[in-house]
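The values are calculated or read from the model by the stated rules, or taken from the named source; none is laboratory data. Everything numeric in this text was worked out from a predicted model, so none of it was measured. Methodologically, a virtual Cβ is constructed for each residue, glycine included, from the backbone with ideal geometry; neighbour enumeration extends over all protein chains shown. SASA here: full protein model, heavy atoms, side chains in, ligands and nucleic acids out. Shrake-Rupley method; radii C 1.70, N 1.55, O 1.52, S 1.80 Å.
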Amino acid sequence: MSLIHPLGRLLVVSFVVMAGLAGAEPAGTVEAEQEAAPRNYGNLRIGASTSARRPSLCLELAPLDRISVEGCGTGSGFLHHDPEPEIAHFRAHFRLASWKTSVGWFQPRLSAGFAELQVGEDSGGFHFNGTGPTGVETAGPEVGASLRALLPVAAGVELVGELGMNMAYFRHAPELLRPQRVWHPGASLSVGVGF
């Protein structure tokens, strides 16, 4: 006859199992640490921005894993010729980290580059030391931060979303035909597909 009561045996077994679980890695943790974020080489996104009334299009290419370059704007000059004010963004992103969650990967990033402010139909080129020949555009430096989400959907293809904030400085903005302020804070939200 056993000296340990069945309830006592259940408590001992439960204690051993819990002690074993406490010392072990949670299920999937080692695998999650070894699994890398999907390598996104490029993506095309559409969304809303405080920089313009029209939808914003963003094309991003990543020559390196942590560094990418991006252009965002409404497509003024080739998708439409509306003389509405807008800011186009041309920047490089640096990924700080990647966190895997149940819905995909989240990646905080810092950015730096330049932006172009236009208050009429854009002419070619960028004008950092003044306004363009028609007085409707000027360019200046920009910095920002964003949070990107990657959701793998098929082999090598991801849904991409990004929420960003930026600050641009246009020294010559008061000289435009429609004078503007020098500092332009902005925010954007875009979604799309990448590979």
* Can you give the extra length, in nm with one decimal, that the chain gains between residue 97 and residue 79 once fully stretched, where that is 0.36 nm per residue apart less the Cα-Cα distance? -> 3.0 nm
* **Highest average packing first - 86-98, 181-193, Cβ atoms within 10 Å** => 86-98, 181-193
* What does the accessible area per residue of the range 64-195 come to in Å², with a 1.4 Å probe and no ligands, DNA or RNA counted? -> 50
* Pop the C-beta distance of residue 46 and residue 128 into the FRET formula with R0 = 22 Å and round what comes out to the nearest 0.05. => 0.20
* Asked: Can you work out the FRET efficiency for the pair residue 147 and residue 195, with r the C-beta to C-beta distance and R0 = 22 Å, to the nearest 0.05?
  -> 0.60
* Structure fact -> Contour minus Cα-Cα span, residue 163 to residue 183, at 0.36 nm per residue, comes to 5.2 nm
* Using 0.36 nm per residue of separation minus the Cα-Cα distance, give me the extension gain between residue 36 and residue 61 in nm, one decimal. => 7.1 nm
* Asked: Over the range 120-195, what percent of the accessible surface lies on carbon and sulfur atoms, probe 1.4 Å?
  -> 69
